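The values are calculated or read from the model by the stated rules, or taken from the named source; none is laboratory data. Being a predicted model, the structure only gives us computed values, none of them experimental. Positions of Cβ are generated from backbone atoms using ideal geometry, with glycine treated the same way; all protein chains shown enter the neighbour counts. In case anyone asks, the SASA skips ligands and DNA or RNA and just uses the protein heavy atoms, side chains included. Shrake-Rupley method; radii C 1.70, N 1.55, O 1.52, S 1.80 Å.
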2 protein chains.
Amino acid sequence: MSGRLPGGAHLPGSRTLAQQLGVARGVVVDAYAELLADGTLEAVVGSATRVAGGLLAGPRSAASGAPAWWPEVELKPLSAPGALHFELGQPTLSLLDNRAWRSCWNAVARQVPPSDYGDPAGDARLRGALAAFVGRTRGHHLSAEQLIVTSSAAQSFGLLASLLPPGACVAVEDPGYPQVYQVFERARLKVQPCPVDADGLQVAALNPAARLIYVTPSHQYPLGVRMSLPRRLELLAWAKQHDALILEDDYDGEFRYDAPPLPALASLDEAEGGRRVIYLGTLSKVLTPSLRLGYLGVPTPLVQAVVQAKRFSDLGSPWAVQQAAANFVLGGYLDQHLRRVRRHYAAQRSALGTLLQPLAPYAVLGGIEAGLHACLHLAAPLKAGVLQDVLRRRGVEVATLGEYSRTSEAQALLLGYGGLSRADLERGAALIAEVIHEQVQKAAAG
Amino acid sequence: MSGRLPGGAHLPGSRTLAQQLGVARGVVVDAYAELLADGTLEAVVGSATRVAGGLLAGPRSAASGAPAWWPEVELKPLSAPGALHFELGQPTLSLLDNRAWRSCWNAVARQVPPSDYGDPAGDARLRGALAAFVGRTRGHHLSAEQLIVTSSAAQSFGLLASLLPPGACVAVEDPGYPQVYQVFERARLKVQPCPVDADGLQVAALNPAARLIYVTPSHQYPLGVRMSLPRRLELLAWAKQHDALILEDDYDGEFRYDAPPLPALASLDEAEGGRRVIYLGTLSKVLTPSLRLGYLGVPTPLVQAVVQAKRFSDLGSPWAVQQAAANFVLGGYLDQHLRRVRRHYAAQRSALGTLLQPLAPYAVLGGIEAGLHACLHLAAPLKAGVLQDVLRRRGVEVATLGEYSRTSEAQALLLGYGGLSRADLERGAALIAEVIHEQVQKAAAG
């Protein structure tokens with residue numbers, strides 16, 4: 001292939017070459033047989049074996065890049081390393097019952113794994129366990145057959161995107177979860193950012209062409225407001241009228257501190273005999289994102305298509321993870337864990353509230369009734385981007401509301417408190433307060 | 001919401017209602033507070049609490065099905081239960097070193113899992129272990145950074161589909177792997193079935209618009225032919241000329257029985273300084289599909305976009321599975337397992353060959369040099385569909401070549417022998433021979 005032996009060149013006999021190279025003749029015979037089988041050599045009856053024609057590769061090309069049509073992508077790191085990060089959606093595992101966890105995984109380790117593909121919809125035991133969990137914690141009663149195991153909310157978005165008509169319109173909350181926008185846009189669907197007020201998504205602003213409406217009713221992402229009951233009913237009626245589906249992302253419906261959570265929108269729909277709401281959950285916030293387990297609770301007439309989409313996506317989730325998760329849920333450990341972390345998060349958000357309360361009226365904390373993050377609304381002269389820059393220089397990472405919105409100019413910082421230790425939370429909040437005071441004084445002086 | 005209390009209806013005081021219901025007053029106070037927060041009740045200064053207006057849901061709709069635009073899907077079961085199934089791509093785990101397996105998973109169970117999302121490209125230790133494995137077994141030398149962990153070949157197809165220009169043409173082998181067709185077509189790409197001969201995919205037949213060419217050079221799926229070296233070079237030159245990429249699915253390149261495997265097409269490309277070949281592997285055949293682990297070996301200029309696609313697809317594969325797999329590969333257990341199963345499969349395919357050899361010239365076994373399945377080519381008067389039906393009635397499931405082809409009329413049965421016990425293999429092969437004899441005699445008599 002380097003061109004040293006041109007096409008048609010005769011090769012020495014195997015005995016000769018073996019002698020020249022100082023190897024056993026069998027080695028050469030095997031090599032010739034292999035090269036003949038490849039088509040690299042040709043055997044001609046009554047003549048020596050020779051090099052086949054047409055093998056010569058072109059000159060080595062200069063180091064070339066990607067094809068011209070390949071998308072240009074530069075990945076940004078997800079967070080600055082070493083910073084104190086008020087990361088959204090970050091749970092804590094500091095309260096995990098390590099013994100229970102270990103026992104759930106050891107039980108998996110003891111089994112010989114299956115040698116075949118499982119049900120793409122998920123392991124039956126896990127589906128039953130998760131359906132019961134959703135019924136117990138969120139009042140939404142699903143059969144195991146309606147619950148489809150996915151690897152994450154991201155995958156769930158992708159499965160639904162693949163089932164919408166080409167170029168269909170998807171309405172999403174604005175401000176909202178950027179990954180939702182991105183997944184639907186990558187699937188070449190039209191995304192309508194739909195505004196949110198104190199009652200949740202503004203149903204009156206929905207594009208009548210929307211086939212799917214993405215909402216976070218328990219704790220709007222990222223504002224933290226809860227969708228009111230009248231608004232919920234309005235949304236269900238809208239979906240029925242427009243033959244649309246609702247995707248209810250209940251990403252932290254399990255975490256409410258002052259009042260019990262409202263039942264899931266999906267349970268309201270089911271109570272009405274409706275089949276408009278697809279319920280989306282994950283174990284990422286209630287346990288850990290490193291499990292990569294999520295689920296969709298799907299009205300019965302939609303189940304088959306969603307399962308097929310999951311099959312085309314990855315043929316199903318890993319057996320071992322599903323087994324361990326089923327052990328954890330069925331053993332009662334998930335409910336225990338939730339009780340424990342709910343107390344922890346409630347204490348965290350109280351601490352955050354206490355530390356940031358003196359900042360009013362310049363900065364007012366909202367969305368703090370539920371979830372793992374809060375929204376610090378800013379009044380003039382404060383600008384979220386300026387605060388973010390100053391905080392970053394002092395080693396604290398926060399997100400701005402602007403990063404989660406396509407249409408809103410509202411100024412706010414988003415503060416995830418789930419994954420921080422109490423000491424870090426207090427240090428970070430003190431720094432935020434300090435920087436806000438500085439900025440207010442600077443504006444007053446200037 | 002049932003309409004029993006109309007909008008504006010006044011509610012009894014909390015003390016009264018508590019007495020009526022026989023509960024503590026605090027319960028009613030909490031319930032009222034919650035319903036006020038929802039917007040279900042309204043508080044009016046100087047008046048009793050009342051039911052809010054606009055809450056009444058419409059009449060219960062009749063049990064409605066899916067929206068009109070929802071795709072109609074009826075899932076077929078993947079295989080008939082209870083049958084002796086010559087299933088393609090089915091490995092055996094009967095030779096798994098259970099102790100080694102357990103130790104790899106126990107090591108995972110002992111660790112507290114991370115509470116955050118990992119690198120979407122995969123765990124660094126696993127990426128290094130798999131890159132070294134590919135270099136060692138397939139002569140394709142990748143850096144760990146070039147190796148991206150996926151959940152399966154299916155996901156790998158989907159990731160690449162999402163990176164092609166909208167509506168781009170993808171050339172796939174015909175006969176070929178139906179899932180490849182399906183995944184690319186679901187992504188709304190144009191799929192060109194491209195014929196295969198004894199040297200592999202016919203490069204001269206490629207559509208010049210093809211951006212991606214899917215090939216299985218080590219053991220064509222499902223014919224079992226190996227792509228010859230001249231054809232490999234022709235394909236690489238074509239891709240360079242047409243600014244296309246090649247997707248090399250090396251789905252059972254590790255299993256060759258008579259001769260060492262040819263180096264991967266990707267390694268030939270790399271040796272040329274080219275960056276045209278994306279190498280696709282999985283642990284499904286060499287270990288078990290229940291792991292749901294695959295990988296892509298990607299030329300450096302393409303890495304970032306593929307990692308981003310994985311991030312949008314599912315944010316990365318599960319931590320525990322990646323850890324256990326890394327332990328298994330780095331502990332040397334995968335190489336041991338491969339040596340063991342390779343001997344087993346070689347014995348299986350010999351047994352199959354011996355049992356079916358007497359069927360020539362009506363039926364001739366091909367593609368048996370490698371892989372976990374063979375192709376039984378049929379001559380007139382035999383018809384694959386007829387044989388499949390008769391065998392099914394006698395409890396044996398086989399695939400026909402027609403099920404794997406869009407353009408070819410060739411008659412053949414596809415016989416996966418990887419997952420069968422020796423006894424089942426012999427019983428199944430004897431039945432196939434019997435049915436073929438019957439059919440030949442019937443045709444001669446008729």
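Details
- A:ALA68 being facing another protein chain (nearest Cβ under 7 Å), surrounded by fewer than 17 Cβ atoms within 10 Å (Cβ to Cβ) and either modelled with pLDDT of 95 or more or outside any helix (DSSP H, G or I) (or both): yes
- Residues in the stretch B:25-44 that are in contact (Cβ under 8 Å) with a residue 24 or more places away in the chain and farther than 22 Å from A:GLU234 by Cα: none.
- Among the residues here, A:LEU262 does not qualify as more than 10 Å from chain B (Cβ to nearest Cβ) and either open to solvent by 10 Å² or more (accessible area, probe 1.4 Å) or in contact with a Ser or Thr (Cβ under 9 Å, 6 or more places away or on another chain) (or both).
- When the stretch A:344-365 is filtered for residues that are surrounded by fewer than 16 Cβ atoms within 10 Å (Cβ to Cβ) and part of a loop (DSSP other than H, G, I, E, B), the ones remaining, listed by number, are A:ALA360, A:PRO361.
- Residues that are in contact with a Phe, Trp or Tyr (Cβ under 7 Å, 6 or more places away or on another chain) and of a type in the set (A, V, I, L, M, F, W, C) were ranked within the stretch A:341-358; the one that is nearest to A:LEU420 (Cα to Cα) is A:LEU352.
- Residue in the stretch B:312-323 that is farthest from B:ALA107 (Cα to Cα), counting only those that are within 7 Å of chain A (Cβ to nearest Cβ) and in a helix (DSSP H, G or I): B:PHE312
- Number of the exception - A:LEU302 against (1) within 11 Å of another protein chain (Cβ to nearest Cβ); (2) open to solvent by 10 Å² or more (accessible area, probe 1.4 Å); (3) farther than 23 Å from B:VAL149 by Cα: (2)
- Subset of the stretch B:201-214 [closer than 22 Å to B:GLY367 by Cβ and either crowded, with 23+ Cβ neighbours inside 10 Å or within 19 Å of the chain's Cα centre (by Cα) (or both)]: B:LEU201, B:ILE213, B:TYR214
- Within the option set B:PRO230, B:PRO222, being more than 18 Å from B:ALA264 (Cβ to Cβ), of a type outside the set (Phe, Trp, Tyr) and in contact with a Leu (Cβ under 7 Å, 6 or more places away or on another chain) holds for one residue only, B:PRO222.
- All conditions in (1) part of a helix (DSSP H, G or I); (2) open to solvent by 10 Å² or more (accessible area, probe 1.4 Å) hold for A:ALA309, with the sole exception of (2).
- Single condition A:LYS285 does not satisfy, out of (1) away from chain B (no Cβ under 14 Å); (2) at pLDDT below 95: (1)
- Within the stretch B:296-318, the set of residues being of a type outside the set (D, E, K, R) and in contact with a Ser or Thr (Cβ under 6 Å, 6 or more places away or on another chain) comprises B:LEU296, B:ALA309, B:LEU315, B:SER317.
- Options A:GLY402, A:GLY385, A:GLY418, A:GLY428; residue that is of a type outside the set (Asp, Glu), over 16 Å from A:VAL364 (Cα atoms) and at pLDDT below 95: A:GLY418
- Residue-level check: of (1) closer than 29 Å to A:ALA210 by Cα; (2) more than 10 Å from chain B (Cβ to nearest Cβ); (3) touching a residue at least 60 places away in the same chain (Cβ under 8 Å), A:TYR257 misses just (1).
- The condition (being open to solvent by less than 20 Å² (accessible area, probe 1.4 Å) and in a helix (DSSP H, G or I)) is satisfied by just one residue among B:LEU235, B:LEU296, B:LEU247, B:LEU280: B:LEU235.
- All conditions in (1) in a loop (DSSP other than H, G, I, E, B); (2) among the hydroxyl-bearing types (Ser, Thr, Tyr); (3) at pLDDT below 90 hold for B:THR16, with the sole exception of (1).
- Against the list (1) in a helix (DSSP H, G or I); (2) open to solvent by less than 40 Å² (accessible area, probe 1.4 Å), the condition B:ARG392 fails is (2).
- Looking only at residues of the stretch A:147-159 that are within 13 Å of another protein chain (Cβ to nearest Cβ) and under 15 Å from A:GLY122 (Cβ atoms), we find that the one that is surrounded by the fewest Cβ atoms within 10 Å (Cβ to Cβ) is A:LEU159.
- For A:PRO217, the conditions (1) open to solvent by less than 40 Å² (accessible area, probe 1.4 Å); (2) farther than 25 Å from A:HIS140 by Cα all hold with the exception of (2).
- Index of the failed condition, A:LYS285 passing every other in (1) touching a residue at least 40 places away in the same chain (Cβ under 8 Å); (2) closer than 28 Å to B:ALA187 by Cβ: (2)
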